[in-house]
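I have placed the structure first, in the form of structure tokens, so that the comments after it can refer back to it.
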Amino acid sequence: MGKTIAIIPARGGSKRLPNKNVKPICGIPLLAYSIKYALSNSHIVDEVYVSSDSENIKIIAQQYGAKITHRPESLSGDSEPTVTALKHVLENIEDIETVILLQPTNPLRPKSLLKDAFNVFKTDTRKSLFTVSSDIRKLGKIIDGKYQPFNYKIGQRSQDLDPLYFENGLLYITQAELIKENIIFNESSIPFIVNHKFAAIDIDTQDDFDYAEYILKHYNEN
């Protein structure tokens, strides 16, 4: 049986929030939260890899216990999909069965999330899993200056809505063979529902960063 590894892709460039992956949140670099989370699940994760083009990121990653894969410049552009970074890691490591993708921009995760999700993944025949959260807001579109309800009828009560779900980015679990086919997850994947305040945190701007820091300081229960 092959190994299960966690991969954390962390580019050095970030236009909206410069150096966000190494920016301290409550005194710890943002990247380190995902590394520490993976290492805390050593009963599942055999090795933790950070894929990066940044020497600074690689130094910090090693300080927190991760192994390093240098991501070439050709795979580090703004438009480059995450799956290419994962494939690059797999090309340099042998005997990998399962990949757990942890995005550094989602630093806070419930403690039991990986254990619970991995148990579901291992007992299912599908080859990948991703986390989602429910959204019961009244959503609509504006077309030609007119509002058109999308998931409800005007006058319908919120509590009577069928929930929609959004991909929250907390974690992805994928068989290595699927990643080699350029797939992390698809319509056939397991949607693992996580309704937790941490699911609303995805850091891309300074406001996102400030919100994450507030949540970490005041509501870090699991």
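The values are calculated or read from the model by the stated rules, or taken from the named source; none is laboratory data. Source: prediction; values computed, not measured. Neighbour counts are summed over all protein chains in view; Cβ atoms, including those assigned to glycine, are modelled from backbone coordinates with ideal geometry. The protein model used for the area step is the full one, side chains on, heavy atoms only, and it has no ligands, DNA or RNA in it. Shrake-Rupley method; radii C 1.70, N 1.55, O 1.52, S 1.80 Å.
Among the residues making up the range 184-222, those that are more than 16 Å from the chain's Cα centre (by Cα) and among the aliphatic types (A, V, I, L, M) are I215, L216. Of all residues assigned to the range 31-48, none qualifies as being open to solvent by 20 Å² or more (accessible area, probe 1.4 Å), modelled with pLDDT under 95, out of contact with any Asp or Glu (no Cβ under 7 Å at 6 or more places or on another chain) and not hydrophobic (A, V, I, L, M, F, W, C).
Within the range 1-54, no residue satisfies the criterion of being under 15 Å from the mean Cα position of the chain (by Cα) and acidic (D, E). Return yes or no: is G27 surrounded by 15 or more Cβ atoms within 10 Å (Cβ to Cβ) and either of a type in the set (S, T, Y) or farther than 22 Å from A176 by Cα (or both)? No. Looking at the range 1-79, the strands (runs of 3 or more DSSP E) lying wholly inside it that each contain 1 or more residues that are of a type in the set (F, W, Y) sit at 47-52. Restricted to the range 53-85, and to residues that are surrounded by 12 or more Cβ atoms within 10 Å (Cβ to Cβ) and of a type in the set (D, E), which residue is modelled with the lowest pLDDT? The extreme case among them is E80. Taking Y211, is it assigned to a helix (DSSP H, G or I) and more than 21 Å from I100 (Cβ to Cβ)? Yes, satisfied. The residues of the range 109-135 that are under 17 Å from L178 (Cα atoms) and charged (D, E, K, R), listed by number, are K122, D124, R126, K127. Looking only at residues of the range 1-19 that are over 23 Å from H88 (Cα atoms) and open to solvent by 20 Å² or more (accessible area, probe 1.4 Å), we find that the one that is modelled with the highest pLDDT is P18.
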